[in-house]
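Some notes on the structure that comes next.
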2 protein chains.
Amino acid sequence: MGIVVQKYGGSSVANIEKIKWVADKIISRYKQGDSVVVIVSAMGNTTNNLLALAKDISDDPDQREMDMLLTTGEQVTISLLAMALISKGYNSVSFTGSQLNIQTTDIHQNARIKDIDVLKINKSLEENKIVVVAGFQGITKDSEYTTLGRGGSDTSAVALAVKLGAKCEIYTDVDGIYTMDPRRLKKAKKIDIIGYEEMMEMASLGAGVIHHRAVELAYNFKLPMYVASTFSENTGTTITDGGMVEMEETVITGMTSSLDDVQITVLNLPSCTKSLYRLFGNLGEQGVNVDMISQMIIKNGRMNVSFTVPKEDLNKAEKNIKEWQKDDDKIQWESNESIAKISVVGSGMRSHSGVAAKIFELMSNNNIEIQMVTTSEIKITWVVDMKNEQLAIELIGENFELIK
Amino acid sequence: MGIVVQKYGGSSVANIEKIKWVADKIISRYKQGDSVVVIVSAMGNTTNNLLALAKDISDDPDQREMDMLLTTGEQVTISLLAMALISKGYNSVSFTGSQLNIQTTDIHQNARIKDIDVLKINKSLEENKIVVVAGFQGITKDSEYTTLGRGGSDTSAVALAVKLGAKCEIYTDVDGIYTMDPRRLKKAKKIDIIGYEEMMEMASLGAGVIHHRAVELAYNFKLPMYVASTFSENTGTTITDGGMVEMEETVITGMTSSLDDVQITVLNLPSCTKSLYRLFGNLGEQGVNVDMISQMIIKNGRMNVSFTVPKEDLNKAEKNIKEWQKDDDKIQWESNESIAKISVVGSGMRSHSGVAAKIFELMSNNNIEIQMVTTSEIKITWVVDMKNEQLAIELIGENFELIK
């Protein structure tokens, strides 16, 4: 038999009852014969509670000390889970990122894993122990504690599975990846198998089940990932190599929609690359995540540029443009918060042309105005008025076999 | 200027407001010119809350995993305190026991410090940083996390002060060591200076301000300790070498009284050393802390033995004696929970004879029956009926200058 790395997220270990449930689930997997390594996150709201404590101390808490604080969250979970396994009669041992020398870069709160020393884990597995590992955390070469940022525990699980040559199973509070968030499209279908690239696009579009970074790492090492529910026995979703997926002949694998963006249009900018650089370079430096960009040349050496940013970054963007207006009073701008950004993803688009045309036709026949559109090899994203969102996603769902 | 190690206990850092207060106190000490290293405990009830979580998992949680769990408590405090110092404009850095390689024995939950690597601390002090260190915790040579048991943070502070050649200041919720617990003897006086041996006796008798182990370690290295209140500017108590104390010519330094013991009398035991070994050897193996022992030979090769144990251990003692009764039906026994165990401590007793006689006289003149008595070089302990306790301690307080 081999090794399996199982990851349980914060909602799966939110209280003592759930930890005991997870322990039973681990034990039943262990009894099937594989060696089991478990990665856990902090319990439920622990991380948010710790963040609140830090905010009470300072509006801008020191990043290194934030990592010192946050790494306690997973340490509590690993100890309790190991205790639960031991109390049920199974040998178990827990390790922090520091103890396993999960080496990372030294960017506090957003470190990247460089290497993991699996000697200790292998030794414990040889002793038939169930190994429980703190996700989300690592240590620098100077023994400084680091955390991996959003999606960190998923990334820990993938990295460890790669190093151990293990299978990788991610358990969460939903039972797999759906063609679309079932809260938004009731009849959305669960996807049995999805390609890495499709999953990366879905994840980066906010399909929150699994983090983009983790999928990217799995993709780099061609590690299949299995995503399923902690609390049901339903078959989950396997994320794996694109080749297998294409055989299934689906054109579009999934869809996402976001109401969290704002569309900004800047009018009468000097029409040159330098302008684009000034606009998007400044925003990038300030950590504003610019997504769609469309640029329309107009006459007299002036151009209009539209782009979307998360609503929370609107103030920063506004400030930048106002600065520029001081130098150049021809520049004007407007913003529109009443938008929905819809994306469809599918590696099948590579071999099936005309997907964009089909979408435009569906929108047009139903009087839904497309306000912006961008395309990539396996993704089409477009913006519609918020009031048309539900109709738009239902039309796509029905016409591209995304519903049951 | 030198280095000072300050220790703040759990009640001193019980919430964010108190942590900010402690930060201000540290800063004012730092401004006086010394380099400052701070040891902190877990916040307020944190340790008890973690213990409760573990108890929900298992009645007998794994000891190694308990240490994994408990060491998170101090880690939270150090990060928050360092954040507070940084947010107030002072450079600070926090370290766990693991990061400082506070090497301990491998007895989980009751480890002993073997050595501390102070390189990191010295480097940080050279950079003018205020160093914040997690008390109560260490690490074995195999990188296993350990905790030091009761009084652990005090011990961490003393050990670190010894290694750094630093002054040692313990801040707590009372403003020093008193001749007796002021809740029990209202007019008790604060002691300005007390010898190590006296303090060790006081501490082991339950004067809870500072732990016996920490004083013992300070004594071994002749490190003076200063004990004072976190929340007042009153002068505290210095614990130091006996020589200085004797100059003050006090006979008795302090007094303690406990209502937590039970007196057990076993009658008609076979009169031989083997009997005593059987009785106290068994109790010792079961972790029963036998304190006073008095043995009275009677006729016919049988003896009576009285001793005290903590009330919580009465059941264990009872079980032992009942076993013995099965072999020897002459043995009888009785227990008395209505007792007070009073002790006076003073290195002055070495040079002042007649202290015991004076105590017996005081008790006798006031019709207080002494039910048991034991003496050591600097301590006299006697048992009275619980109803006479208050009168007894007031008589001693008045006659040995323990009150204001």
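Values quoted throughout were computed directly from the atomic coordinates according to the rules given, and no laboratory measurement underlies them. Quick caveat, the model's predicted, so the values are computed rather than measured. Ideal geometry is used to build each Cβ from the backbone, glycine not excepted, and the neighbour counts take in all protein chains shown.
Structure notes:
- Projecting 7 Å from Cα along the Cα-to-Cβ direction, the label point of B:Leu267 sits 10.8 nm from its equivalents in the other copies, listed shortest first.
- Taken residue by residue and averaged, Cβ atoms of other chains lying within 10 Å of the Cβ of B:98-111 number 1.
- Our note on the geometry: Cα centres of the stretch A:339-369 and the stretch B:352-404, 94 Å apart.
- Using a Förster distance of 41 Å, the FRET efficiency for A:Lys88-B:Arg150 (Cβ separation, nearest 0.05): 0.85
- Percent antiparallel among DSSP beta bridges (both partners in the protein assembly as shown, rounded to 5): 60 percent
- The shape of the stretch A:3-173 comes out oblate: with a ≥ b ≥ c from the C-alpha gyration tensor, a/c is at least 1.5 while a/b does not beat b/c.
- Measuring nothing but alpha carbons in chain A and taking Rh as the Kirkwood radius, the Rg to Rh ratio lands at 1.02.
- HN-Hα J in Hz across the stretch A:344-360 - Karplus 6.51, -1.76, 1.60, θ = phi - 60°, x for Gly and Pro: 10, 10, x, 5, x, 4, 4, 9, 10, 7, x, 5, 4, 4, 4, 5, 4
- Sequence-separation-based contact order of chain B, relative, with Cα cut under 8 Å and 6+ spacing, percent: 13 percent
- Put a dot 7 Å past the Cα of A:Thr235, heading toward its Cβ, do the same for A:Asp60, and the two dots end up 5.3 nm apart.
- Packing around the peptides A:134-142, A:386-394, taken as the average count of other Cβ atoms within 10 Å per residue, puts them in this order, highest first: A:134-142, A:386-394.
- Per-residue extension of 0.36 nm, minus the Cα-Cα distance of B:Lys330 and B:Lys187, leaves a gain of 46.6 nm for this segment.
- With K and R counted +1 and D and E -1, the other residues having a Cβ less than 14 Å from that of B:Met225 yield a net charge of -3.
- For the stretch A:234-368, diffusion coefficient by Stokes-Einstein and Kirkwood Rh (Cα), 20 °C, 1.002 mPa s, µm²/s: 121 µm²/s
- Rh by Kirkwood over Cα pairs, then Stokes-Einstein D for the stretch B:136-191 at 1.002 mPa s and 20 °C, µm²/s: 155 µm²/s
- Neighbouring partner chain Cβ atoms per residue of A:143-150, average, 10 Å criterion: 2
- Förster-model FRET efficiency, 45 Å R0, A:Glu17 and B:Gln286, C-beta, rounded to 0.05: 0.80
- Over all Cα atoms in the protein assembly as shown, the spread is summed up by Rg and Dmax: 34.8, 125 Å.
- Inter-label distance for B:Asp24 and A:Asp260, nm, one decimal - labels placed 7 Å from Cα along Cα-to-Cβ: 3.9 nm
- Among the residues of B:67-76, the average count of other protein chain beta-carbon atoms within 10 Å of the residue beta-carbon is 6.
- With contributions of -39500 (n - 2.57) from each DSSP H run of at least four residues, the per-residue ellipticity at 222 nm computed over chain B stands at -11500 deg cm²/dmol.
- Percent antiparallel among DSSP beta bridges (both partners in the stretch A:3-173, rounded to 5): 25 percent
- Proximal lysines to B:Lys189, defined as alpha-carbon separation beneath 17 angstrom and excluding residues fewer than eight positions away on the same chain: B:Lys404
- In degrees, nearest ten, helix A:63-87 long axis to first principal axis of chain A (Cα): 40 degrees
- For peptides A:47-57, B:86-96, sequence by mean Cβ density within 10 Å, most packed first: B:86-96, A:47-57
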